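Chemist: Please find one structure pasted underneath; my questions will follow.
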Amino acid sequence: MTNAYAATKKIVIGLMAGLLLGCNQGDSQPSPTSVATETAPPAAASAAVDGANWERYGRTYKEDHFSPLAQIHEGNINRLGLAWYQDLPTGSSVGASAPLAVDGVLYYAVGFSVIHATDAKTGKLLWQYDPKAFEAAGTELRSGWGVRGIAYGDGKVFTGTIDGRLIAIDAATGTLVWSAQTTEPGDSRYITGMPYVMDGKVIIGHGGADFAPVRGYVTAYDMNTGEQAWRFYTVPGNPADGFENDAMAMAAKTWTGEWWKYGGGATAWHAMAYDPEFNRIYIGTGNGAPWNQKIRSPGGGDNLFVCSILALDADTGEYVWHYQVNPGETWDYNANMDIQLAELAIAGETRKVILHAPKNGFFYVIDRSDGKLISAEPFAEVSWAERIDLETGRPVEIPAARFPDGTVHVLYPDMFGAHGVEAMSYNPGTGLVYLPARNKASPYTDPEDLESWEYVGKNFMNNSMGKAPADVEIPPDNGWLAAWDPVKQQEVWRVEMDNIHNGGTLTTAGNLVVQGRSTGELSIYAADSGEKIWSFDAQNGIQAQPISYLVDGKQYISLLVGWRGSSYSGEGKRWDYHTQKRRLLTFALDGQAQLPAYQETTSPIIDVPDFDVDETKAAAGKVLFNRTCSICHGGNAKAGGAAPDLLRSAVPTNLDLLVAVVQQGSLKSRGMPRYEELSTAEVENLQHYIRKTARESLDTEQ
């Protein structure tokens, strides 16, 4: 952008911003002397200024994470400061959890769905509701990742719980209105995703297909009574039991073998979108159970509705259409990522579309009237497929993608995907999607026991993939923020990141894109150019997306800060489970609050010099640790903030203490699951592995 152009832009759109803000946002109007220097983009002039509340995960039913507010814009961003902050208790898992803002109150959930209501102007806690999910959960406690969001409707706040409940709380008082058990005890299903509200009903899915023989479904409940309205299964069950509807009979024709014994999967654990224009709910479904199709459906087939977007009638739950991003999926390239609704001008015609960037690395534009694919292009490194065939809507896979004959093949993306749960945002003013993206490859191969494979344990990771040889080379990884044009299907600009895991995005009519980084930096970019125009040290890694709202005519930006990574990548800062500062941060123009001075404190690695490591026990402990403990405590015991770093913990130094925690569940109230089926000898194996790893890491990790 030239200096002359920039100056002209500031004058012209500054005047437009003055008119917009003066007419619609009370005392937020810039003073006459500052109109020429406080700017907002032309899009702000036509944006509907209706962004006082943020009532849904993505603000409106479009789920686009866009705010039409422009009081904070690129011309006055230097005035943005911290208005207030709220400290959260140690151990309050935050991760990708996002708040809601309704009529001057912020609602948010952390940990095991502990709901908070806070005065959005002052940060004063109004009420707190704890569903005591850790007490109700059994083995499901082993596989939860922390709640990612909540819903609001008709004066009630809705949340799912790790033990499978959907609960409604009075938004004014914090008292329980109703509770519905959406799962069966011991079925390994659990809830970490957000509910979605739709015309008098609230719908919820669940997770579990990575851990057990789970058959996915979604359930809709009456918003006021909690009575079940309908349920739709996402994969077919045992044909001998009959099919629930024609859609299941159709789907069953795409499966082979005795798939129902493995559950099938396709759990709806994250993204949905309600479309009032068509009276539909769109459901993003997950991987098959287990991942490896050679086990669950040995004769192949598309395995409907694995890794699909499903359109269901919102009133009845009846099937309308589907689009499957990965037929017969086998890599954990699920379709649980953002489902955003938009209107795009394509080939001279306005199309009502779905924008979708799932794990597999392709950006999809889908006609939401009939589910037909409009376009699809890679937004990241993709090596599993050559392209998406626009006539059939199907991927053109490379021959080695399904690792035939038990070969090992390194593929882009890896199982975490080119885009994860971190929210992307769409700005109708710029026409761009702001997408947290990453490149990381992973080796895929069959397990040694392919023919006899079976699930092991309750809520243990059971992905059915084999272990690659140690000498397999994995290319370097990288992460970035991409501005993506969904019409032209091309990247417009990008900002390189220090790590592959970073936060979700917010975009506003003030020409802003707001995103947090794993390094703890909260950054704001110009939405049209990608220029960084503001930053703030949040003193903790950021995974969640920010939101924006109005209180008494003043615009605020809020987000939850806390790092819940499973493993430490070795890049950037280490966010320790015990010492990291989890907070709710709120910003506004002329905010004057200050965070306490940051002091990086990390407990040292503990070695017990007189502990005699038994190599045989340590080897057995490593296998058990990576199957049982690594999901929270990190691969190879390199913790990433989701759980305590066991190399720095005193618990594994004493076998009795370790048995009390692991086998007897003495820390269940703090989120540590109980593994009562493990013998004392197996717990001792874990101890030897941890002590061996701590000793080996002492020189490099302190």
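The numbers here are math on the coordinates, done by the rules we state, and not lab data. As the structure is a computational prediction, the values presented were derived from the model and not from experiment.
Chemist: Near residue 156, which aspartates and glutamates are there with a Cα under 19 Å away, not counting those fewer than 8 places off in the same chain?
Modeler: Hits, sequence-local ones excluded: 55, 103, 119, 130, 170, 199, 222, 227.
Chemist: Taking a cut-off of 18 Å between Cα atoms, list the lysines near residue 573, but don't count ones fewer than 8 places away on the same chain.
Modeler: Candidates past the 8-residue exclusion: 581, 638.
Chemist: Also, quick follow-up: Check every DSSP H run in the chain and write down those whose alpha carbon atoms cover 24 angstrom or more along the long axis and whose mean Kyte-Doolittle hydropathy is 0.5 or greater.
Modeler: Helix filter hits for the chain: 3-24.
Chemist: Pairs 253/294; 62/352; 467/668; 62/201: which exceed 20 Å Cα-Cα?
Modeler: With Cα atoms farther than 20 Å apart: 467/668.
Chemist: While we're here: Tell me, in nm to one decimal, what length is gained between residue 175 and residue 610 on full extension, where the rule is 0.36 nm per residue of separation less the Cα-Cα distance?
Modeler: 151.2 nm
Chemist: Next up: Take the eigenvalues of the Cα gyration tensor for the chain, scale each by 5, and report the square roots as semi-axes in whole Å, largest first.
Modeler: The equivalent ellipsoid of the chain has semi-axes of 39, 31, 25 Å.
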